[in-house]
1. Once neighbouring chains are kept in place and the probe is 1.4 Å, which whole percent of the accessible area of region 31-73 is contributed by carbon and sulfur?
2. Place the peptides 62-70, 29-37 in order of packing, highest mean first, counting for every residue the other Cβ atoms within 10 Å and averaging per peptide.
3. What is the sum of charges around ALA74, taking Lys and Arg as +1, Asp and Glu as -1, for the other residues whose C-beta is under 13 Å from the C-beta of ALA74?
Amino acid sequence: MMTNKNSKESRRAFGYKHSKAQHLVELVLFFPFLIGIIGLLTEIAYGLNTGIELNSALNRAVGIVSSVQREKNADLTDIENEIYQNTYNILVARRVPYADTLKVDTLEADDFIVSIATYNYTYAFQLVNLFFDAVPEKFYFKSIALTNKALFAPNSYDIQNNTLTDEFNTYSQTGSNGLNDSINNIFNNYKDKWNKDHEQMWEDYVEKTREEQELAAQEQEQGGGDNAPAP
């Protein structure tokens with residue numbers, strides 16, 4: 001009986017009475033690592049989200065700049081500044097941190113304009129790095145947008161020929177049923193003009209080619225006569 005009593009007291013002393021304190025110590029020891037893991041995942045997720053925001057803001061800015069009505073061809077530097085300003089404004093409006101680190105470069109490649117945006121996100125949660133270097137100091141993001149030059153070309157024009165406009169105005173006022181016939185007549189007139197212009201171009205080309213061939217034949221005959229042996 002004495003043995004059973006001692007064993008129960010031993011189990012109580014080393015197992016049950018001190019179990020709560022043991023769990024508390026374990027929690028205190030593990031808590032910094034838990035906070036570090038949560039902070040690490042949060043920072044990585046937030047950094048990746050800012051990269052997505054950068055790509056979205058750049059494409060949106062390019063769309064805004066390309067939709068501006070231009071009376072003359074814009075300089076590449078002006079386009080670059082407009083894309084940068086619009087991208088920056090979008091990032092600020094979406095509360096993306098470190099928007100001041102944004103840089104935008106544009107370059108021409110054949111018939112396209114390439115816009116390259118770079119952005120740096122500074123890692124704010126440094127608790128993990130106190131134990132080991134798990135995360136770099138900054139995240140570097142880059143986004144590229146490829147746009148046709150034609151979208152930045154002048155897109156405001158004055159129509160000098162008012163024939164088509166007059167036909168539509170007449171139709172809107174009188175409601176004439178002859179609109180289709182009028183449009184077809186205009187089309188046929190331009191079609192005839194186009195055919196005549198190209199026919200004249202072809203005739204000029206044939207005439208030029210014929211003259212060149214005749215001139216080459218004459219030069220060949222003269223050269224042959226000069227090289228003929230003396231009797």
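The values are calculated or read from the model by the stated rules, or taken from the named source; none is laboratory data. Bear in mind that the values here come from a model prediction, so they are computed numbers and not experimental data. No Cβ is skipped: glycine too gets one built from the backbone with ideal geometry, and neighbour counts run over all protein chains shown. Please note that ligands, DNA and RNA were not included when accessible areas were found on the heavy atoms of the full protein model with its side chains. Shrake-Rupley method; radii C 1.70, N 1.55, O 1.52, S 1.80 Å.
1. 66 percent
2. Values: 62-70: 15.7, 29-37: 12.0.
Descending mean neighbour count gives 62-70, 29-37.
3. Numbers: positive: ARG70, LYS72, LYS149; negative: GLU71, ASP75, ASP78, GLU80, GLU82, GLU108.
Charge balance in the 13 Å sphere: -3.
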